[in-house]
Amino acid sequence: MPGTRTRVSCAATALALCAALAGCGGDAGAAGGKVTLRFTWWGNADRAALTDKAVAAFEKTHPDIDIQTSYAPYESYKQKLATQAAGGDAPDVMQLDYRQISQYAGSGVLRDLSTVRRTLPTGAMPHSLLKSGRVGGKQYALPMGVGTQAMAYDRKAWREAGLKEPKPGWTWDDWESAVRRLKKANGVYGMTDPGSFEDWFEVWLRGRGKELYDAKGQAAFTAGDLDRFWSYATKLRKEGLVSPATSTTQMDGSVENAPMGRKQAVAEFNWDAPSAGYEAMVGKNLALAPMPSGADGTPGQYFKPAMLVGIAANSEHPRESAQFIDFLLNSREGTKILGVDRGLPVNATARARVVPKLTGFQKEMADLQKKLTGRLKEPPAAPPRGDNALQSVFGRDYDQVAFERATPRQVAEDFLTEARAELRP
Amino acid sequence: MSPAMSAATATGTRAAPPGPGLEPPGGPRRRPKREREGAAWVFLSPWVLGAVVLTLLPMAVSLYLSFTDYNLFDPPSWVGLRNYRQMFTEDPRLLRSVLNTLLYVVIAVPLQLAFALAVAVALKSMRRGKGFYRSAFYAPSLLGASMSIALVWRALFNDGGTVDSVLSGLGVHMGGWINQPGWALLSVALLTVWQFGAPMVIFLAGLQQIPQELYEAAAVDGAGRWRQFASVTMPMLSPVVFFNLVLQTIQAFQVFTPAFAVSGGRGGPADSTLFYTLYLYDRGFTASHMGYASAMAWMLLLAIAVVTAVLFRTSRAWVFYANDTSNGTSGEGR
């Protein structure tokens, strides 16, 4: 039959085409006996520059290992990593938030690091920090740096208002009167409205001896607590002391879109390491102060691992991954390159080596942590899984307060209803 | 979102040309039908494979997931209709997102179509430089869906942005648009209106199909330009208007990128740009409620189907098919 041959050759052509197309997406890692590792993390361009430098240094001493990096802002990173992990395609080495550890370890995404203990020793890391990467007695992730909450401010504006530098133990009342004087002296908003971030509510709450979550992972505060916090912020906002709703609502976690980053305020709460971003706007006058404490001096802030790092359970190269992490966290060269960009080094030896050489903002950061060492209370346990969603709900709900769509009390009740649903075991 | 999108495109799937290029038709010996069908399948296979693997299977999985509680990590657990029940009874924010989306559709679609029609009419009567202007007006549609344009939009309508500065120069101090609950939705709608290129090109094609003698006859009867537009252009163009209306409505229901970029993914300020798809994304990827998000996607598909059906129903009253004696029983004329 004449048609058959045509048909067969058609099919053959189609198959060949498919094969050619598939070939394009082929595995590049298998080439030349070189091991390829994927390393992903969140951060900004500054962190990217430092990380790439560290990766290059590692590749130089380990010519048989090739490291492919990719990074994204925190929110999108979290979403992408979750999708990858669920699809069984987690990168070999991944930066993690302490909120993710229990989920990722429990679902078998992370490798038990005791299997690579020889390549990746943890002896020089303090036990209190290692704890945050441990689930069910096994170490699944290692802290990459230590961070704490802080108030970033413009030292020049602060001095011009005749204010003294805030010391550990200063209270929310001290903070309020400072903001009042800043406003009078500078004419801009003294401070970014703290009402839209769950993290600052937590610090305020802990200053009153309470916590966000109890041991069972349920909300440990009442609608009354939240109402009080939001009413406090609202009072300051109505007096024009903190940033207005139209400005606060644009905060998305990046320094560039925050009121202080847009030069609409001279002070802003942030975590210490990411505050480095303000340097682009404030320059040399950028300073860090402790967070305000409760009325009796009870500190609300705490030290926690700014981020952790783990190895994928299904990574084909756990040993090489461990070598790389060891280079980043323990080696003289790696810790020197990374500096305090991901928080102060966790390895005590590296810390002692890195800290004295710091200058500028990095020194500011080390000084703050030094001032606070020994004064803070134990950090809370890693928050429950639902906290991820609640963080964004918190900001969204505060919009309703700030734009005066509802009273703080009503919105606080709504938030707690939603929190109970999210935290349902 | 994907089920809804495929519903929009699924209409173009049936016409498979019977065995192209095998032998000239009417040759001495026509092959049996079944054999030619086989060849058609071979040629169709890349498309069929794509449709099944990339569209139908994911849709089926999404339907299944909509009846489960699924957080990406633990295996999905069956919860029956709970997600759907929760949508209707326990989620005030969902209602807000539905209202936002409806408001957006009602503002953006008519504005965009009116704009596209006006430009198409102007272009049609243009003597010189038609090609240039057509391309120039179409360009935003090519760019508009991208993230970068949405970010430019954000910068334009921010406080201290271009729009704010120009208005302040004119003595109108209103601050930014994207950071005020009353204005943010409008600035997102304007971004859609700006991308009027695709409906404009379709309108232009439709306008060129209208026989010139109709205008001549109308002119002889003493009809002015407006009268000609109302009595000749609009009725003759109504099938094209209908086509554009259906297409743009379906697209508007699925608006995502501009709102995501303008509000930094939060749908703010004060939930004023929290569109349905944005909330769906938030539930799925921020809160890890994939089951709930799947249920939302299926409700969106249903809602779009209902709205489209209603549009088809009303079309009988106002869409005119020139060569159709039964006065428009269905919208498949074009």
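Here are some notes:
- Residue count, region A:36-56 (criterion: open to solvent by less than 50 Å² (accessible area, probe 1.4 Å) and closer than 20 Å to A:Gln79 by Cβ): 7
- The one condition in (1) out of contact with any strand residue (DSSP E or B) (no Cβ under 7 Å at 6 or more places or on another chain); (2) within 13 Å of chain B (Cβ to nearest Cβ) that A:Tyr74 fails to fulfil: (1)
- Test: residue in region A:416-425 that is over 30 Å from B:Tyr70 (Cα atoms) and surrounded by fewer than 21 Cβ atoms within 10 Å (Cβ to Cβ): no
- Inter-residue pairs, beta-carbon under 9 Å, first under 13 Å from A:Val266 (Cα atoms) and in region A:167-182, second aromatic (Phe, Trp, Tyr) and outside any helix (DSSP H, G or I), 6+ apart: A:Ala178/A:Trp170; A:Val179/A:Tyr189; A:Leu182/A:Tyr153; A:Leu182/A:Tyr189
- Here B:Gly284 does not qualify as open to solvent by less than 40 Å² (accessible area, probe 1.4 Å) and at positive phi.
- Checking each residue in region A:403-413 for being more than 8 Å from every other protein chain (Cβ to nearest Cβ) and either basic (Lys, Arg) or open to solvent by 10 Å² or more (accessible area, probe 1.4 Å) (or both) picks out A:Glu404, A:Ala406, A:Thr407, A:Pro408, A:Arg409, A:Gln410, A:Glu413.
- Filter result for A:Leu81 (touching a strand residue (DSSP E or B) at 6+ places or on another chain (Cβ under 8 Å), within 14 Å of chain B (Cβ to nearest Cβ) and open to solvent by less than 20 Å² (accessible area, probe 1.4 Å)): yes
- Some residue of region A:246-263 being touching a residue at least 60 places away in the same chain (Cβ under 8 Å), hydroxyl-bearing (Ser, Thr, Tyr), in contact with a Ser or Thr (Cβ under 6 Å, 6 or more places away or on another chain) and farther than 26 Å from B:Leu151 by Cβ: no
- Of the helices (runs of 4 or more DSSP H) lying entirely inside region B:25-127, those carrying at least 1 residues that are open to solvent by 50 Å² or more (accessible area, probe 1.4 Å) and more than 14 Å from chain A (Cβ to nearest Cβ) are B:57-65, B:82-89, B:92-124.
- Selection within region A:100-115 - at pLDDT below 90 and closer than 17 Å to A:Thr40 by Cα: A:Gln100, A:Ile101, A:Tyr104
- When residues of region A:370-402 are limited to those that are more than 23 Å from the chain's Cα centre (by Cα) and facing chain B (nearest Cβ under 9 Å), the one surrounded by the fewest Cβ atoms within 10 Å (Cβ to Cβ): A:Gln400
- Residue in region A:132-154 that is touching a residue at least 40 places away in the same chain (Cβ under 8 Å), part of a helix (DSSP H, G or I), among the acidic types (Asp, Glu) and touching a helix residue (DSSP H, G or I) at 6+ places or on another chain (Cβ under 8 Å) present: no
- When restricted to residues that are under 17 Å from the mean Cα position of the chain (by Cα) and open to solvent by 30 Å² or more (accessible area, probe 1.4 Å), region A:271-298 contains 3.
- Meeting the requirement of 2 or more residues that are under 18 Å from A:Pro292 (Cα atoms), the helices (runs of 4 or more DSSP H) wholly within region A:194-258 are A:198-207, A:223-238.
- Criterion (open to solvent by less than 30 Å² (accessible area, probe 1.4 Å) and either within 14 Å of chain A (Cβ to nearest Cβ) or within 30 Å of B:Gly182 (Cβ to Cβ) (or both)) met by exactly one of B:Leu245, B:Leu237, B:Leu300: B:Leu300
The values are calculated or read from the model by the stated rules, or taken from the named source; none is laboratory data. Model, not experiment: these values are computed from the prediction. In this analysis, Cβ positions are derived from the backbone assuming ideal geometry, glycine residues included, and neighbour counts consider all displayed protein chains. We work out accessible area using only protein heavy atoms, side chains counted, and drop any ligands, DNA or RNA first. Shrake-Rupley method; radii C 1.70, N 1.55, O 1.52, S 1.80 Å.
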